[in-house]
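The values are calculated or read from the model by the stated rules, or taken from the named source; none is laboratory data. These figures come from a predicted structure and were not determined experimentally. Ideal geometry is used to build each Cβ from the backbone, glycine not excepted, and the neighbour counts take in all protein chains shown.
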Amino acid sequence: MLDHAISDETLLSVQNLSKHFPVYKGIIRHQVGVIKAVDGISFDIRKGETLGLVGESGCGKSTAGRTILRLYDATEGTITFGGQNVAELSGESLRRIRPRMQMIFQDPQACLNPRMTVSSIIAEPLDEHATVKGRAKQDRVSELLDAVGMNPRFANRYPHEFSGGQRQRIGIARALALDPDFIVCDEPIAALDVSIQAQVVNLLEELQSRLGLTYLFISHDLSMVRHIADRVAVMYLGKVVELADREQLYADPKHPYTRALLSAVPIPNPEVETKRTRIILKGDVPSPANPPKGCRFCTRCPEAIEKCHSVEPDWRKLGDGRHVACHLAE
Amino acid sequence: MDAPAITDSKAPVLEVQGLRTVFHTSEGMIHAVNGVSFYLRAGELVGVVGESGSGKSVTMMSLMKLLPEPPAEIVGGSALLEGRDLLRLEPSALRHVRGGEIGFVFQDPMTSLNPVFTIGYQLTEPLREHLGMSRSEARARAIDLLSLVGIPTPEERLNDFPHQFSGGMRQRVMIAIALACDPKVLIADEPTTALDVTIQAQILELVKSLRQELGMGIVWITHDLGVVAGIADRVMVMYGGLVVEHARVSELYARPMHPYTRALLETLPSLDGTRSDRLRSIAGQPPHMTQAPSACPFAPRCTHVHDRCLAENPPLVEAAPGHDVACWWRPPEQVSESEVNADA
Ligand SMILES: Nc1ncnc2c1ncn2[C@@H]1O[C@H](COP(=O)(O)OP(=O)(O)OP(=O)(O)O)[C@@H](O)[C@H]1O
Ligand SMILES: Nc1ncnc2c1ncn2[C@@H]1O[C@H](COP(=O)(O)OP(=O)(O)OP(=O)(O)O)[C@@H](O)[C@H]1O
Ligand code: SF4
Ligand SMILES: [Mg+2]
Ligand SMILES: [Mg+2]
């Protein structure tokens, strides 16, 4: 993490946000239930900061990111950004706020139209929002390519002519086109080789300190999140179970799930690995269509007590300032 | 869990020499594997790491002759399984080896398990074919195997189909199938890459405990240097279709010699150590493999590159006891260690 200025000002505030997907069955497609992909999450992100969002596959990280950007309509809750509740905006007011919030995707291949040149891919958001035209537009494309460390001469090539890391740079350039304040980075390095990941993460950090960007950094790579994030939120089955400053979270995780997750990460050091005792969780993550009663982690929690199976723990603030949802944490 | 030194005295079960595999494609020849040699002893686990496209899978698929030829062509080398060259076996003998003496597990269990057959059928079929077991013997063994890999109430799961299992459980079933005939060699190609870390931790624990029980040789392909650190006895690092470094796991992480390995270990952010402000990165891109290497394949990205690297591909040589490296450069600490025997 490069030095970057984090202000006290809250840029984005998410309160009690939920996104439920209906589950249909049969030919007449009647609704038989809901998947509670995101189920009442709350956090603030300060201007200039990076909030890491971690958790296992299917816990709702992408859904949370997409709902915040209004790529999905929220089922419940508020998303306060620039003094407005984004969850309730529509029409022209939604259109006006969109350029300020952008997304970088996991698979750079999937989100770059193979029949468009790099230049038109990056210029597309400029066209949509009609900000610049002609010569000025080409200049802006060159400037963006330059900003992500690519030669502006590449502007007329096609995505398939680039490597994964370069394609991710193109995706980043496109996300930057409209001068956003806030970017959801959804697993931006997961599809890249280890030797290329560092290039992309360094670029994201440079851009952050240069342009004052604020990131929601979604990842399942806990080591990389420790590197890039200022604070970290841990999700399990649609809920945020712990939210803490980076150092607090990694040095002293309070939620049993955070502890298990950190203990499961292999460390590239044989001496450390042979001495480590792991918390091995039993079984699999339950279905978000039918989450357990009480605490959602109770079916796998090594520390669960009776109460955990019946009473859902509150989202509490502890003495050291972090938030956690566990009956036992103190 | 560190393998006892006694394994060193045993003859290898698998010995691969100078393996070379190319692909004939419409855009020309791809030199995927360019002379790979390694060995595997009973009871040991060799980790294979390297970036995407470095030839890890093609190496292992080649020696089991699992690649369709064409487009693939094995153009050189040998792969001795207890003295018999797998590359020159009759197809019928080879079928007996695959799934019998050599078991394998791939990254995505959904593509390797057949969706239309029950788990029970897929487990008992190789037992009946390779070991000639009766239906009831095979069933009993299948139940044992499922409980060995930690599937609860295995009797009840035999009639289930793959889609009724979670990702982690399917991978356990794949491991059970691979272990079914008590293979001498197990080849696991990114078996945990598609799984969540908590499920991966379950599988790695399982493999650690099984190794002690079963005593087979295991090749474990992964791009995760953390996984290798926890389970391997020895590690091979591949780059550009070549083994560029090979050593015991503790030696490799403590004294990496190849500039690629060194850079790779340095780029990794740490979960427990000090945090740096900026990650070290490796500039440039991996090679295209459209030409057989005539220079060091890492040269375009290497910070220690010099004239010789561009003129001659460095051979894999033993640079320290049990530590092989393919590089014209030597780390300064190693040079000073051998010249003046002082600690730096
Ligand atoms: N469009 C959708 N319709 C129905 N269900 C969905 C949809 N998108 C996601 N889900 C479900 O919501 C849950 C959360 O999914 P989501 O993609 O947000 O998880 P994630 O944490 O991003 O996982 P991953 O790490 O695998 O990307 C999952 O059970 C998923 O199957
Ligand atoms: N069927 C094929 N046709 C043409 N080229 C191929 C084919 N299969 C593999 N290759 C090429 O062979 C080289 C080695 O591929 P291989 O799959 O062994 O890499 P790997 O090290 O296993 O990578 P990964 O980590 O991505 O699995 C690559 O350059 C790849 O593009
Ligand atoms: S041989 Fe030369 S280019 Fe290749 S890794 Fe060694 S120093 Fe670098
Ligand atoms: Mg996701
Ligand atoms: Mg592979």
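Show me the strands (runs of 3 or more DSSP E) found entirely inside region A:49-109 where at least 2 residues are farther than 25 Å from A:V200 by Cα, β-branched (V, I, T) and more than 16 Å from ligand 2 (Cβ to nearest atom).
A:76-81
Which members of region A:1-28 meet the condition of being over 20 Å from A:S287 (Cβ atoms) and not in a strand (DSSP E or B)?
Selection gives A:M1, A:L2, A:D3, A:H4, A:A5, A:I6, A:S7, A:D8, A:E9, A:I27, A:I28.
Scan region B:194-239 residue by residue and report those that are of a type in the set (G, A, S) and more than 10 Å from every other protein chain (Cβ to nearest Cβ).
Scanning region B:194-239 gives B:S209, B:G215, B:G217.
Would it be correct to say that B:A326 is over 26 Å from A:N202 (Cβ atoms), under 24 Å from the mean Cα position of the chain (by Cα) and more than 10 Å from ligand 3 (Cβ to nearest atom)?
Spelling it out, it is not the case that B:A326 is over 26 Å from A:N202 (Cβ atoms), under 24 Å from the mean Cα position of the chain (by Cα) and more than 10 Å from ligand 3 (Cβ to nearest atom).
Cβ-Cβ below 7 Å, separation at least six or inter-chain, first residue in region A:1-30 and in contact (Cβ under 8 Å) with a residue 12 or more places away in the chain, second loosely packed, with under 12 Cβ neighbours inside 10 Å and among the polar types (S, T, N, Q): which pairs?
Partner pairs satisfying both residue conditions: A:P22/A:Q31; A:V23/A:Q31.
Going through region B:33-65 one residue at a time, which ones are under 21 Å from B:T193 (Cα atoms), touching a helix residue (DSSP H, G or I) at 6+ places or on another chain (Cβ under 8 Å) and of a type in the set (A, V, I, L, M, F, W, C)?
If the condition is that a residue be under 21 Å from B:T193 (Cα atoms), touching a helix residue (DSSP H, G or I) at 6+ places or on another chain (Cβ under 8 Å) and of a type in the set (A, V, I, L, M, F, W, C), then B:L45, B:V48, B:V49 are the ones that fit.
Determine whether A:G165 is crowded, with 19+ Cβ neighbours inside 10 Å and either farther than 18 Å from A:Y215 by Cβ or touching a His at 6+ places or on another chain (Cβ under 9 Å) (or both).
Spelling it out, A:G165 is indeed crowded, with 19+ Cβ neighbours inside 10 Å and either farther than 18 Å from A:Y215 by Cβ or touching a His at 6+ places or on another chain (Cβ under 9 Å) (or both).
State all residues of region B:81-107 that are in contact with a strand residue (DSSP E or B) (Cβ under 7 Å, 6 or more places away or on another chain) and surrounded by 15 or more Cβ atoms within 10 Å (Cβ to Cβ); if no residue qualifies, say none.
B:L81, B:L86, B:L87, B:V97, B:E101, B:I102, B:G103, B:F104, B:V105, B:F106, B:Q107
From B:L179, B:L186, B:L214, grab the single residue that is under 23 Å from the mean Cα position of the chain (by Cα) and at pLDDT 90 or above.
None of the others qualify; the one that does is B:L186.
Taking A:T67, is it surrounded by fewer than 17 Cβ atoms within 10 Å (Cβ to Cβ) and touching a strand residue (DSSP E or B) at 6+ places or on another chain (Cβ under 7 Å)?
In short, no.
Considering only region A:272-304, state which residues are β-branched (V, I, T), part of a loop (DSSP other than H, G, I, E, B) and farther than 30 Å from A:V23 by Cα.
Once the filter is applied, which keeps residues that are β-branched (V, I, T), part of a loop (DSSP other than H, G, I, E, B) and farther than 30 Å from A:V23 by Cα, region A:272-304 yields A:T277, A:I279, A:I280.
Within region A:220-247, take every residue that is more than 9 Å from chain B (Cβ to nearest Cβ) and under 14 Å from A:E205 (Cβ atoms) and give me the one that is surrounded by the fewest Cβ atoms within 10 Å (Cβ to Cβ).
Among those residues, the one meeting the criterion is A:D230.
Out of all the residues in region A:268-278, which are in contact (Cβ under 8 Å) with a residue 12 or more places away in the chain and either surrounded by 20 or more Cβ atoms within 10 Å (Cβ to Cβ) or at the interface with chain B (Cβ under 7 Å from one of its Cβ atoms) (or both)?
Passing the criteria: only A:R278.
Only one of B:A247, B:A180 is more than 30 Å from B:P314 (Cβ to Cβ), in contact with a His (Cβ under 9 Å, 6 or more places away or on another chain) and in contact (Cβ under 8 Å) with a residue 24 or more places away in the chain; which?
One residue alone meets the criteria, B:A180.
Can you tell me which of A:L211, A:L204 is surrounded by fewer than 19 Cβ atoms within 10 Å (Cβ to Cβ) and either away from chain B (no Cβ under 14 Å) or in contact (Cβ under 8 Å) with a residue 12 or more places away in the chain (or both)?
Going through A:L211, A:L204 in turn, just one is surrounded by fewer than 19 Cβ atoms within 10 Å (Cβ to Cβ) and either away from chain B (no Cβ under 14 Å) or in contact (Cβ under 8 Å) with a residue 12 or more places away in the chain (or both): A:L211.
Can you tell me which residue is nearest to ligand 3 (Cβ to nearest atom) among those in region A:53-64 that are crowded, with 19+ Cβ neighbours inside 10 Å and of a type outside the set (S, T, N, Q)?
Taking the candidates together, the pick is A:V54.
Sort out which residues of region A:55-69 are within 14 Å of chain B (Cβ to nearest Cβ) and of a type in the set (A, V, I, L, M, F, W, C), and write them in order of number.
If the condition is that a residue be within 14 Å of chain B (Cβ to nearest Cβ) and of a type in the set (A, V, I, L, M, F, W, C), then A:C59 is the only one that fits.
Please enumerate the residues belonging to region B:159-184 that are away from every other protein chain (no Cβ under 14 Å), crowded, with 22+ Cβ neighbours inside 10 Å and aliphatic (A, V, I, L, M).
Those that are away from every other protein chain (no Cβ under 14 Å), crowded, with 22+ Cβ neighbours inside 10 Å and aliphatic (A, V, I, L, M): B:M174, B:I175, B:A176, B:I177, B:A178, B:A180.
Would you tally the residues in region B:69-107 being under 21 Å from B:A188 (Cβ atoms) and in a loop (DSSP other than H, G, I, E, B)?
So the answer is 6.
Could you grab the pairs with beta carbons closer than 6 Å, sequence gap of 6+ or different chains, first residue in region B:307-336 and of a type in the set (V, I, T), second one part of a loop (DSSP other than H, G, I, E, B) and away from ligand 1 (no atom under 16 Å from the Cβ)?
B:V325/B:M257; B:V325/B:H258
The rows are residues; the columns are (1) within 14 Å of ligand 3 (Cβ to nearest atom); (2) within 30 Å of B:G43 (Cα to Cα); (3) surrounded by fewer than 22 Cβ atoms within 10 Å (Cβ to Cβ).
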position	(1), (2), (3)
B:M236	no, yes, no
B:L242	yes, yes, no
B:R255	no, yes, yes
B:P259	yes, no, no
B:S276	no, no, yes
B:S281	no, no, yes
B:A292	no, no, yes
B:E312	yes, no, yes
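Output yes when any residue across region A:119-135 is without any contact (Cβ under 8 Å) to a residue 12 or more places away in the chain, in a helix (DSSP H, G or I) and touching a strand residue (DSSP E or B) at 6+ places or on another chain (Cβ under 8 Å), and no when none is.
Checked against the condition, which is being without any contact (Cβ under 8 Å) to a residue 12 or more places away in the chain, in a helix (DSSP H, G or I) and touching a strand residue (DSSP E or B) at 6+ places or on another chain (Cβ under 8 Å), region A:119-135 yields no hits at all.
So if I check each of B:E44, B:E73, B:E90, which one is more than 16 Å from ligand 3 (Cβ to nearest atom), more than 27 Å from B:L252 (Cβ to Cβ), of a type in the set (D, E, K, R) and touching a residue at least 12 places away in the same chain (Cβ under 8 Å)?
Exactly one residue qualifies, and that residue is B:E73.
Pull out all pairs, ordered by first then second residue, where Cβ-Cβ is under 6 Å, the residues are six or more apart or on different chains, the first lies in region A:47-65 and is within 14 Å of A:V184 (Cβ to Cβ), and the second is in a loop (DSSP other than H, G, I, E, B) and within 10 Å of ligand 4 (Cβ to nearest atom).
A:K61/A:G55
Given the structure, is B:P287 without any contact (Cβ under 8 Å) to a residue 12 or more places away in the chain and crowded, with 18+ Cβ neighbours inside 10 Å?
no
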